Amino acid sequence: MFNRKILVLLASAALFSGCATTSQLDAKKHPKKESTPLTYDAKNYRVDTKTKPQVGNASYYAKCFHGRRTASGEVCDTRLYTAAHRSFPFGTIIRVTMVKTGKSVLVKVNDRGPFSRSRVVDISVAAAKQLGLIGPGVAKVKVEKLVKIH
């Protein structure tokens, strides 16, 4: 009788210990997102005239980076408008414009890269979709550093 009570107690403990909700598990794996907005409003920014625009190729992050830490310490979320750039400070807002189509997107620098010498910037999947970069994968772009209008 005593062994049966212990067995039931242990089985119950094992059953309930595995009942954590997915949001609890996700919170442990992925800390709360930084206060990165989904998009940036261009009317709040102007081109930094002290910084020369860069022209070169852009690519986008593979989905395998989603959930991993970036060089800035933020968790990579490919649904947000972010970018990897070699030299701009973390938190800098840049405009990436496809030379061929004229489409542009504003993104926040939160990582270092790209590590391919032939590229000037890597952007998130969300930003790549807005530019139409998903199909070709790589395209010639113009990158401009922006400053917030006070």
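Bear in mind that the values in this text are calculations on the coordinates, not laboratory data. On a predicted model such as this, the values are computed, not experimentally measured, just so you know. We place every Cβ from the backbone using ideal geometry, glycine too, and count neighbours over all the protein chains shown.
May I ask you to evaluate 6.51 cos²θ - 1.76 cosθ + 1.60, the Karplus curve with θ = phi - 60°, for each residue of segment 39-45 and list the ³J(HN,Hα) values in order in whole Hz, giving x for glycine and proline?
9, 10, 8, 4, 5, 8, 10
Skipping prolines and chain starts, which residues have an amide H placed within reach, meaning under 5 Å, of the one on F88, given they are 5 or more residues away or on another chain?
none
What residues qualify as long-range amide H neighbours of T82, i.e. H under 5 Å apart, gap of 5 or more or another chain, H built at 1.01 Å from N?
K108, S124, A127
Report the FRET efficiency, 1/(1 + (r/R0)^6), for K140 and R69, where r is their Cβ-Cβ distance and R0 is 30 Å, rounded to 0.05. Display every interim value, and only then the final one.
Details: r = 30 Å, r/R0 = 1.00.
Plugging the Cβ-Cβ distance into 1/(1 + (r/R0)^6) gives 0.50.
Give the relative contact order (percent, whole number) for segment 42-148; include only Cα pairs under 8 Å separated by 6+ residues. Don't jump to the answer; show the numbers that get you there.
Numbers: 241 pairs, mean separation 45.2, N = 107.
Relative contact order, segment 42-148: 42 percent.
Just grab the label-to-label distance for F90 and D41, each label 7 Å out from Cα along the Cβ direction, in nm (one decimal).
In this crude label model, F90 to D41 measures out at 2.7 nm.
Could you sort the peptides 48-57, 82-91, 120-129 by per-residue average Cβ neighbour count (10 Å cutoff), highest mean leading? Don't jump to the answer; show the numbers that get you there.
On the way: 48-57: 13.0, 82-91: 18.0, 120-129: 22.4.
Peptide ranking by packing, descending: 120-129, 82-91, 48-57.
Among V47, A83, V138, whose Cα projects farthest towards the positive end of the dipole of segment 42-148, with charges put on the beta-carbon of Lys, Arg (+1) and Asp, Glu (-1)?
Positive-most Cα among the choices belongs to V47.
Take the Cβ-Cβ distance between H150 and V99 as r, set R0 to 30 Å, and report the resulting FRET efficiency rounded to the nearest 0.05. Show your work: numbers first, answer last.
Numbers: r = 31 Å, r/R0 = 1.02.
Rounded to the nearest 0.05, the efficiency is 0.45.
Could you list which residues have their amide H under 5 Å from that of D48, counting only those 5 or more apart in sequence or on another chain, with H placed in the peptide plane?
K145, L146, V147
Can you give me the distance in nm between label points at T49 and R117, each placed 7 Å from the Cα along the Cα-to-Cβ direction?
Roughly 3.6 nm, to one decimal.
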